[in-house]
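The values are calculated or read from the model by the stated rules, or taken from the named source; none is laboratory data. From a predicted model like this one, the values you see are computed outputs, not experimental measurements. Positions of Cβ are generated from backbone atoms using ideal geometry, with glycine treated the same way; all protein chains shown enter the neighbour counts. Each accessible area value is taken on the protein alone, full model and side chains, heavy atoms only, with ligands, DNA and RNA left out. Shrake-Rupley method; radii C 1.70, N 1.55, O 1.52, S 1.80 Å.
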Amino acid sequence: LNFEANIRSVTTSTRDIRLENVQLFPNPSSDYFQISRIDNVDRVILYNIIGRKMREFDAQEGARYRVAGLPDGLYLAALVNDQKGVLRTLRVHKRTSRP
């Protein structure tokens with residue numbers, strides 16, 4: 001038996017590595033959240049814990065992503081690059097502020 005294998009090396013750019021330091025704040029959130037260091041991110045997609053898409057946003061540095069009106073609970077924010085797919089997923093705790 002003969003087997004043929006093609007091996008490609010994968011190089012990670014420094015832009016991808018910076019996503020390891022990304023931060024989501026405030027968390028828990030009541031009205032909005034922000035994401036620091038969103039280099040190379042095109043969209044932020046917010047899913048509930050069972051995987052239903054709840055909101056989708058165009059990613060912009062310094063933008064506030066609105067969660068007001070969503071039920072309290074745990075959500076997942078997928079940081080998406082249109083060419084590479086999901087780069088990172090962050091947890092978002094949505095909690096209504098109480099007086």
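Here LEU1 meets each of (1) among the aliphatic types (A, V, I, L, M); (2) modelled with pLDDT under 90; (3) under 18 Å from VAL92 (Cβ atoms) with one exception, condition (3). Residues that are open to solvent by 80 Å² or more (accessible area, probe 1.4 Å), more than 14 Å from the chain's Cα centre (by Cα) and touching a residue at least 60 places away in the same chain (Cβ under 8 Å) within segment 82-95 comprise just one, ARG95.
Of LEU70, LEU79, all but one fail to be touching a Lys or Arg at 6+ places or on another chain (Cβ under 9 Å), in contact (Cβ under 8 Å) with a residue 24 or more places away in the chain and either more than 13 Å from VAL22 (Cβ to Cβ) or part of a loop (DSSP other than H, G, I, E, B) (or both); the exception is LEU70.
A quick yes/no check of all residues on (1) at pLDDT 95 or above; (2) of a type in the set (S, T, N, Q):
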site: TYR32; (1), (2): yes, no
site: ILE49; (1), (2): no, no
site: ARG64; (1), (2): yes, no
site: GLY69; (1), (2): no, no
site: GLY73; (1), (2): yes, no
site: GLN83; (1), (2): no, yes
site: SER97; (1), (2): no, yes
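Those strands (runs of 3 or more DSSP E) of segment 20-61 in which at least 3 residues are in contact (Cβ under 8 Å) with a residue 24 or more places away in the chain and open to solvent by less than 50 Å² (accessible area, probe 1.4 Å), considering only elements entirely within it, cover 32-36, 43-48.
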